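K.L.:
So that we are looking at the same thing, I have put the structure below in structure tokens.
The values are calculated or read from the model by the stated rules, or taken from the named source; none is laboratory data. Small disclaimer: the values here were computed from a predicted structure and weren't measured. No Cβ is skipped: glycine too gets one built from the backbone with ideal geometry, and neighbour counts run over all protein chains shown. Accessible surface areas use protein heavy atoms only, side chains included; no ligands, DNA or RNA. Shrake-Rupley method; radii C 1.70, N 1.55, O 1.52, S 1.80 Å.
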Amino acid sequence: MPKTAVDTWMAEDFTFSAGSIRKQTVALFLLRLPALVPLFFISRGIITLNNSTLNGAEADVLGTGSEACMLLTLLVTPMITVTRQRWITPLRRWYGIMFALTAITDATTASITTSFAGGVFGRLAGHSFLAVGFTMVLLLLPLLATANNPAQRWLGRYWKPLQRVTYVIWGLLIVHLALLEGFGIQHEGDGDPVFHQRLYQIVACSIPLFVLRLPPIKRWIAGQQKAGRQRLVYLAVLPLAVLFVLGFSFIVNEEIFKGTGAFMLHPVGG
């Protein structure tokens, strides 16, 4: 795939009197920062061992944060397909690593602080939705351990099949939220009965990510780009982009709302 004008620009340097720095490095640094937000929000609760915050907000803040990181991990490949810009490729590994770290922190904290009966096992897998979530965390462990270049070289052709377990985790996340939300039938009374349901949010985000991975769709996009019809590609994927942004905006809103309460040690219930 030939470099786009943006890829070429990103490969250039910002020059200062004290030296220079590649533009891609600056852009990637800024785009990586949002992945740290969930851990930042819950940090005061963990540092102070504030049990009311950890028990009341840990699952929402870290669970929603890990969900957002996973969706951003999955977003990178369709973004490259649609825009042909490859400078964002390192974000796929970064958000994948932060997804795993945030989910593992969620499970570790939950095993100690949540009020479910049955001890550590009950807190991690005592209900169907918890069991699915715990299975996700177990699958994330080998992915996190091999998310580095030495592991990629060591595993060789087996590395990519192992990393495709991400798609299994994606499906399990949808099942986890479906069980948590009563398959979308429950309504917590916090506003819109559709997009304020976590299940509908993840489905809205997953549909575009799935469609843009279908081989016929990818072939059509590549053909239009080769013919110089990039604008047509953008117009065609615009409804999918709107659907993703709509679903993701509710996820971000919940993370900020409940995360702020957790950081202030005044967790917001629900």
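K.L.:
Out of these labelled values of Rg and Dmax of the Cα atoms in Å, (1) 20.1, 62; (2) 18.3, 57; (3) 20.8, 66, which was calculated from the coordinates shown here?
P.N.:
Checking each listed value against the structure points to (1).
K.L.:
Send over a whole-number figure in Å² for the accessible area per residue of the chain, probe 1.4 Å.
P.N.:
53
K.L.:
For the chain, modelled as a Gaussian network with Cα springs under 10 Å, which listed residue fluctuates most, F41, F250, F29?
P.N.:
It is F29.
K.L.:
GNM on the chain, C-alpha springs below 10 Å: top fluctuator among S206, S52, S20?
P.N.:
Comparing S206, S52, S20 in the GNM, the peak value goes to S20.
K.L.:
Sticking with this structure for a sec: Relative contact order of the chain: what whole-number percent is it, with Cα pairs under 8 angstrom and at least 6 residues apart?
P.N.:
Once divided by the residue count of the chain, the mean separation gives 23 percent.
K.L.:
Go ahead and estimate [θ] at 222 nm for the chain from helices alone: -39,500 (n - 2.57) per DSSP H run with n ≥ 4, summed, over the residue count, rounded to 500.
P.N.:
After summing the helix terms and dividing by residue count, I get -24000 deg cm²/dmol.
K.L.:
Relative to the longest principal Cα axis of the chain, at what angle does helix 215-226 sit, 0 to 90 degrees, rounded to 10?
P.N.:
40
K.L.:
Okay, moving on. Below 24 Å, Cα to Cα, which lysines can K218 reach? Residues fewer than 8 away in the same chain don't count.
P.N.:
Once the sequence-local lysines are set aside, what remains near K218 is K3, K160, K226.
K.L.:
Moving to a separate point now. How large is the dipole of the chain about the Cα centre if only Lys and Arg carry +1 and Asp and Glu carry -1, each at its Cβ, rounded to the nearest 20 debye?
P.N.:
Here the size comes out at about 1540 debye.
K.L.:
Roll a 1.4 angstrom probe over the protein heavy atoms and tell me the percent of accessible area of the range 1-150 that is carbon or sulfur.
P.N.:
Carbon and sulfur atoms account for 69 percent of the accessible area of the range 1-150.
K.L.:
For D13 and I47, compute 0.36 nm times the residue count separating them, minus their Cα-Cα distance, and round to one decimal in nm.
P.N.:
Working it through step by step, the gained length comes to 8.3 nm.
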